[in-house]
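The values are calculated or read from the model by the stated rules, or taken from the named source; none is laboratory data. Note that the structure is predicted; figures quoted are calculated from it, not measured. Note that each Cβ is placed from the backbone with ideal geometry, even for glycine, and that neighbours are counted across all protein chains shown.
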Amino acid sequence: MSLSFDFVQPAPEPAADRVTLFADVILPLPLPRLYTYRVPFELSDQVVIGGRVLVQFGAKRTLSCIVAAVHQTPPAAYQAKYILEFIDDAPVVTQPQLKLFGWIAEYYLCTLGEVINAALPSALKLSSESRVQLHPAYEPDNHPYPLGEQEQKVVDALSTGEEVGKSLTFTEVGEVLGIASFHKYIKSLMQKDVVFLFEHLKDKFSPKVVKKVRLAHRYVAEAALEELFGQLASKAKQLDVVMRYLQRVPVYQSEHANHRGLEKAALTSAPHLSPSAVNTLIKNGILEQFDQIVSRFPLDEDDAQANMHFTLSETQVEARDAVMREFQTKDIVLLHGVTGAGKTEIYIDLIKQALDGGGQVLYLLPEIALTAQIVTRLMRVFGSRLGVYHSKFSDNERVEVWNGVLSGRFQVVVGVRSAVFLPFDNLSLTIVDEEHESSYKQYDPAPRYNAREVALMMAHFQGSKTLLGSATPAVETYYQARAGRYGLVSLTKRFGEAGLPEIVLVDTRKSREQKTMLNHFTPELMAEMESKLAQQEQVILFQNRRGYAPFINCLDCGWIPKCTNCAVSLSYHKQAHELRCHYCGHHDRMPTQCPACGSRNVKTVGFGTEKIEDDLKVMLPQANVQRMDLDTTRAKNSYQQIISDFEQQKTNVLVGTQMVTKGLDFANVSLVGIINADSIIHYPDFRAHERAFQMFVQVSGRAGRKGKKGRVIIQTADPEQVIFDKVMRNDYLEFYEYEITQRREHGYPPFMRIIRLTVKHVDVTVGERAALLLTQELVNRLGREAVLGPEAPYIFRIRNFYLQEITIKLSREHTVLKAAKADVIAAMDIVRDQKEFKQVRLAADVDPM
DNA sequence: AGCACGCCGACT
DNA sequence: GTCGGCGTGCTC
């Protein structure tokens, strides 16, 4: 090659090593495919798989998305847009997570975007609608890092005007700076703790602040302190405070320690110190008071090696050893332990071992079982290594847990369903407690996943052992254990010699005939309640229906108010004095007279928790009755409050829905009443018996602890029903044998897999026609016998959409299942492509519960 | 999911 | 004559 002496610079030849990278990204939208964007060449070394990038999607929208793959293949059919910015320099979604998310999308017939959407706390999902706010701790005059010109502009825009906590959207920030590429400034402002981001208005940052004090800077030197002692010689109270402060904070050893200070409460609420002396010291400038924003998950130094010791009972040791023995040959073990057998202690012991081995641990609990009781207990053992993931947490708190798992700060996480999405990469033990719980299954927005199954798959991918625990295992789970695919360990003895409760059936039909019913209570239940209360013992009553009455009825013309949007009658809620729909938000004022005929003869029919509570207050005036259902636990801490009141015996009777059946341990409860067992048994689906058995056994388990034998009274109109016999003897095995035979005969899980398709449309006939077409397409692919329906469900209209359901039964065999799912998707696509069905909504629910 | 483009009713 | 209703299609 000859050198050219041209003065014109030749166009730069693309160097052989100049490769253009492309990134396939997952957008947080329900789109079936990944989208390919081009990586700006200068930024090639910044692409991180699992990191977030900012892209332009469509004409208007800017979205953050997750990089799923990086490659060098330019898309053939279109020109890829450039990635605008890189948000992370390390993955926020780990490789094992990406693999798991892919599995979820495939198995549960949804898109990766839907999985990402459910998985990421919304503060990790940025869009042009994301907002920035000045960090509450930011003080312009006292900030450690200098700000650049552009950064200052953003801060100025956020601090102009009177408004406190003013925020701007990304779009607005772009306008303020007048440039397109502004994310780097936001990023650096975030790193300097000047601003923070949030996605929804409700997520505005409200930090948890503690008041702290420290010694004023000029006293930190030893000589100055001596002088201070002199000044305070005649002020004993103040001197005491200063001495205590010096005792707690090693001021001499490090100035830094003084800077960190001490919680004010440590001085003001100490037994021999005077709070007013503390305030005088602050007033005189000897102590400085300041606010500190603290993590909601305190790194408690005193707690660091808090490994509280407790000893397992002999039975527990045996069970633990049996679990470990099973783990040597099996990856999954079912721990079948009666209620009150002390499974939690066994879990804690196993978690400790897993942590000692250096792995991560995920401990899943159903929503209602994740209480302060259990968290406190785990905190005491695992201290700051424990992360808690609860649905009532704010988004900021969720991000904190997410990042804590990524950084390794949290090695154990106890959490609800969605905790399976956390970024674990080295799981060694997964525990799914109460594995039979239906709240592990997400029903409405996709992904309609079962956290137990997802946890099993995650454990499989990461080589983790999984322990499933339950007193009443799901039939599917027990079947696997029986077949030898899962290890099985049974714990049949209750902890602390508490016997299993005695279960009594009372016939409500008989009582009705004899006219001895007292409202909805049989004389037997009433007498038993009175006797237990007289002995200062507590009572739990279970009624599986909230509100006062399921409907009201005009006695003169028969009018029953119905929801305008759904095919259900409206429930009467007495406290709110409203008629409410339990399926949509609809509510009306309770009418004083019948709107149809004007009669005042309108009566409530049936009963819910609210009526039980009301009646009891009249019938047992000496008792303190509390209700626990969706209506009384909506506020953030109300659930906790109700439980702690009951625990401290401020309340004697707890009336509630499902919520009272799970995982609550109260030592003083000696009676459990199930007010209407029949409403639980008579349910139109194949799991009705299983659900009823589980509910009865679980709620019975609340009775009798600490050596006291409990009593359970079940009210039913038909005591002859087969299920009672098994419940009364607490015979899970017998129940299982009966149920598994039924399932085999009728072709239900675990012998068959079920996929339920729901077709929704505002117009009945369009919905019906779409459902028929879908059925036909399914039959063509899967055969007539695999497809049931279409059929309108019992509640055939919800939120103004008419519903049709199709049930598909498939062989369990893996390859068959996979192929069948492809057929289901194809059939759904055919319906969707039909012009007249464009407005039809189709949803697939794999393994519905 | 949003957002633009496009084709039919009540209004400055 | 237009503004705007929401049906339809597309987004790298």
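Points to keep in mind about this one:
- Screening the candidates A:E172, A:E139, A:E151 for the property of being more than 30 Å from A:P40 (Cα to Cα) and over 31 Å from the mean Cα position of the chain (by Cα) yields one hit, A:E139.
- Cross-chain or 6+ apart pairs with Cβ under 6 Å, the stretch A:174-199 first and over 15 Å from A:L147 (Cα atoms), then crowded, with 17+ Cβ neighbours inside 10 Å and β-branched (V, I, T): A:L197/A:V132
- Of all residues in the stretch A:597-633, those that are out of contact with any Asp or Glu (no Cβ under 8 Å at 6 or more places or on another chain) and among the hydroxyl-bearing types (S, T, Y) total 3.
- In summary, A:D88 fulfils each of the numbered conditions (1) of a type in the set (D, E, K, R); (2) within 15 Å of DNA strand C (Cβ to nearest atom); (3) part of a loop (DSSP other than H, G, I, E, B); (4) in contact with a strand residue (DSSP E or B) (Cβ under 8 Å, 6 or more places away or on another chain) with the single exception of condition (2).
- Residue in the stretch A:622-647 that is modelled with the lowest pLDDT, counting only those that are more than 14 Å from A:M659 (Cβ to Cβ) and small (G, A, S): A:A635
- A:T604 surrounded by fewer than 19 Cβ atoms within 10 Å (Cβ to Cβ) and either within 28 Å of A:K510 (Cα to Cα) or assigned by the TED database to the domain that holds A:D444 (or both): yes
- When the stretch A:41-58 is filtered for residues that are in contact (Cβ under 8 Å) with a residue 60 or more places away in the chain and away from DNA strand B (no atom under 16 Å from the Cβ), only A:R52 remains.
- Counting only residues that are within 24 Å of A:G789 (Cα to Cα), crowded, with 19+ Cβ neighbours inside 10 Å and touching a Leu at 6+ places or on another chain (Cβ under 9 Å), the stretch A:714-757 holds 3 of them.
The rows are residues; the columns are (1) farther than 19 Å from A:P447 by Cα; (2) within 16 Å of DNA strand C (Cβ to nearest atom); (3) assigned to a loop (DSSP other than H, G, I, E, B).
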position	(1), (2), (3)
A:E805	no, no, no
A:K818	no, no, no
A:I830	yes, yes, no
A:D845	no, no, no
A:P848	no, no, yes
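- The set of residues from the stretch A:318-360 being within 19 Å of A:L733 (Cβ to Cβ) and more than 28 Å from the chain's Cα centre (by Cα) comprises A:A319, A:A322, A:E326.
- Candidates A:R33, A:R38: the one that is more than 16 Å from DNA strand B (Cβ to nearest atom), of a type in the set (D, E, K, R) and modelled with pLDDT of 90 or more is A:R38.
- The set of residues in the stretch A:27-59 being away from DNA strand C (no atom under 15 Å from the Cβ) and under 11 Å from A:A69 (Cα atoms) consists of A:V48, A:I49, A:G50, A:G51.
- Failed item, numbered, when A:I116 is tested on (1) surrounded by 19 or more Cβ atoms within 10 Å (Cβ to Cβ); (2) within 14 Å of DNA strand B (Cβ to nearest atom); (3) farther than 16 Å from A:M458 by Cβ: (3)
- Which numbered condition A:Q543 fails, given (1) surrounded by 15 or more Cβ atoms within 10 Å (Cβ to Cβ); (2) farther than 30 Å from A:Q649 by Cα; (3) of a type outside the set (K, R): (2)
- Candidate set from the stretch A:625-642 (those that are crowded, with 18+ Cβ neighbours inside 10 Å and of a type in the set (S, T, N, Q)); member that is farthest from the chain's Cα centre (by Cα): A:Q626
- Scanning the stretch A:195-247 for residues that are among the basic types (K, R) and assigned to a loop (DSSP other than H, G, I, E, B), we see that the one that is modelled with the highest pLDDT is A:K235.
- The stretch A:472-503: number of residues that are modelled with pLDDT of 90 or more and not acidic (D, E): 18
- Qualifying residue in the stretch A:102-110 (condition: within 13 Å of DNA strand B (Cβ to nearest atom) and within 30 Å of A:T815 (Cβ to Cβ)): yes
- Pick from the stretch A:385-404, criterion crowded, with 18+ Cβ neighbours inside 10 Å and within 25 Å of A:K343 (Cα to Cα), ranking: nearest to the chain's Cα centre (by Cα): A:H390
- Scope the stretch A:464-483; condition assigned to a loop (DSSP other than H, G, I, E, B) and touching a residue at least 60 places away in the same chain (Cβ under 8 Å); matching residues: A:S464, A:A471, A:T472, A:P473, A:A474
- Residue within the stretch A:501-514 that is in contact with a Lys or Arg (Cβ under 8 Å, 6 or more places away or on another chain) and within 17 Å of A:E610 (Cβ to Cβ) present: no
- Among the conditions (1) surrounded by fewer than 21 Cβ atoms within 10 Å (Cβ to Cβ); (2) not aromatic (F, W, Y); (3) not in a helix (DSSP H, G or I), the only one that A:G102 does not satisfy is (3).
- Any hit, the stretch A:551-559, residues being in contact with a Lys or Arg (Cβ under 7 Å, 6 or more places away or on another chain) and assigned by the TED database to the domain that holds A:Q698: no
- Single residue of the stretch A:124-164 satisfying the filter (among the acidic types (D, E) and modelled with pLDDT of 80 or more) that is nearest to DNA strand C (Cβ to nearest atom): A:E151
- Of the residues making up the stretch A:62-83, those that are within 11 Å of DNA strand C (Cβ to nearest atom), under 23 Å from A:P121 (Cβ atoms) and in contact with a Ser or Thr (Cβ under 9 Å, 6 or more places away or on another chain) number 2.
- Residue, farthest from DNA strand B (Cβ to nearest atom), within the stretch A:59-77, restricted to residues that are modelled with pLDDT under 90 and surrounded by fewer than 10 Cβ atoms within 10 Å (Cβ to Cβ): A:A76
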